[in-house]
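For reference, the structure discussed in these notes is given below.
The values are calculated or read from the model by the stated rules, or taken from the named source; none is laboratory data. Predicted model, so just to flag it, every value in this text is computed and none were measured. Because the Cβ atoms are built from the backbone with ideal geometry, glycine has one as well, and the counts that use them run over all protein chains shown. For the accessible areas, the whole protein counts, side chains as well, though only heavy atoms, and no ligand, DNA or RNA atoms are used. Shrake-Rupley method; radii C 1.70, N 1.55, O 1.52, S 1.80 Å.
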Amino acid sequence: MYTVLYTKHIFVAKVAMGRPQGTRDKDYDARRLSLAAALRGRLADRSGPPPSYAELAKAAGVSLATLRHYFGSRDEAVASVLRLHGPLGEPHLVLLAKPLADFAGSIGAAVDQISEGLAEPLVAELHAVGLAEGLAHATIGPAYLTDILEPTIVALEARLAGHVQAGHMRAADLRAAALMLISPLVLARLHQGWLGGSVTRPLSEPAHRAALAEAFIRAYAS
């Protein structure tokens, strides 16, 4: 078993002793995490064509045979990068799932938390990799959806459910409401960051957040 501590872009894996005889080497899981961190940075570099499996191995400082040993195919390696990073967001999702006492303040805080999270380099890279590699892909697409995007949607649904229960928000399809709130934030981050919108057409993110929160509150407040 292992515990992962994450600070910025540095992984520190603590591997517990005492694996049953016949199981994988005690460093196997820690090594996969370390390799996944190295692969993430190369995959997020979209300055050229998508990197080949050999180029990914070079970026990670290992042989192609080593990557195959830990991940199998290239597709599974990319999917594993998303799956292995997903749990790192759990503390933030726990916070996102908890509604504040004031509905307007709670929605504004949720919008700020999601927007600021998307601006974090690690999170931005995961979304960029997931979208660039995962669209219409049978393995990588579901990994991005299940381990990166959907947990945020589910956490926001829980926050909204608390407001419905408290009588702050009218009864509604909470998944649709969560998507309505999250989608403009993801698109704005892609627009300003990975698509170069900060240069070609800058957006005032504070104003965008405020307008989005106001529209949502007006639509859903009870």
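Might you let me know whether the stretch 38-45 holds any residue that is part of a loop (DSSP other than H, G, I, E, B), within 19 Å of Tyr144 (Cα to Cα) and under 20 Å from the mean Cα position of the chain (by Cα)?
yes
Looking only at the stretch 139-153, count every residue that is closer than 22 Å to Met180 by Cα and not in a helix (DSSP H, G or I) and tell me the total.
Residues in the stretch 139-153 being closer than 22 Å to Met180 by Cα and not in a helix (DSSP H, G or I): 0 in total.
So which pairs qualify, if the first residue must be in the stretch 86-113 and more than 16 Å from Leu181 (Cβ to Cβ) and open to solvent by less than 70 Å² (accessible area, probe 1.4 Å), the second must be modelled with pLDDT under 95 and not in a helix (DSSP H, G or I), the Cβ gap must be under 6 Å, and the two must be at least 6 apart or on different chains?
These pairs meet every condition: Leu88/Tyr6.
For the stretch 155-194, which positions are surrounded by fewer than 13 Cβ atoms within 10 Å (Cβ to Cβ) and within 21 Å of Gly117 (Cβ to Cβ)?
Ser183, Leu187
Can you tell me which residue within the stretch 38-52, out of those that are of a type in the set (Gly, Ala, Ser) and without any contact (Cβ under 8 Å) to a residue 40 or more places away in the chain, is most open to solvent (accessible area, probe 1.4 Å)?
First, pick out the residues of the stretch 38-52 that are of a type in the set (Gly, Ala, Ser): 38, 41, 44, 47-48, 52.
Now restrict to residues that are without any contact (Cβ under 8 Å) to a residue 40 or more places away in the chain: 38, 47-48, 52.
Working: Ala38: 38, Ser47: 105, Gly48: 36, Ser52: 51 Å².
Checking each candidate, the answer is Ser47.
Which one of Arg159, Arg218, Arg175 is assigned to a helix (DSSP H, G or I), among the basic types (Lys, Arg) and touching a residue at least 60 places away in the same chain (Cβ under 8 Å)?
After applying the criteria, what remains is Arg159.
Determine which member of the set Glu120, Glu76 is more than 13 Å from the chain's Cα centre (by Cα) and open to solvent by 40 Å² or more (accessible area, probe 1.4 Å).
When all the criteria are applied, what remains is Glu76.
Being out of contact with any Cys (no Cβ under 8 Å at 6 or more places or on another chain) and under 17 Å from Leu43 (Cα atoms) is true for just one of Leu174, Leu135. Which residue is that?
Just a single option satisfies the conditions, and that option is Leu135.
Determine, yes or no, whether Arg31 is under 13 Å from Leu84 (Cβ atoms), open to solvent by less than 80 Å² (accessible area, probe 1.4 Å) and modelled with pLDDT of 90 or more.
Answer is no for this residue.
Among Gly196, Gly141, which is over 22 Å from Asp102 (Cβ atoms) and at pLDDT below 95?
Gly196
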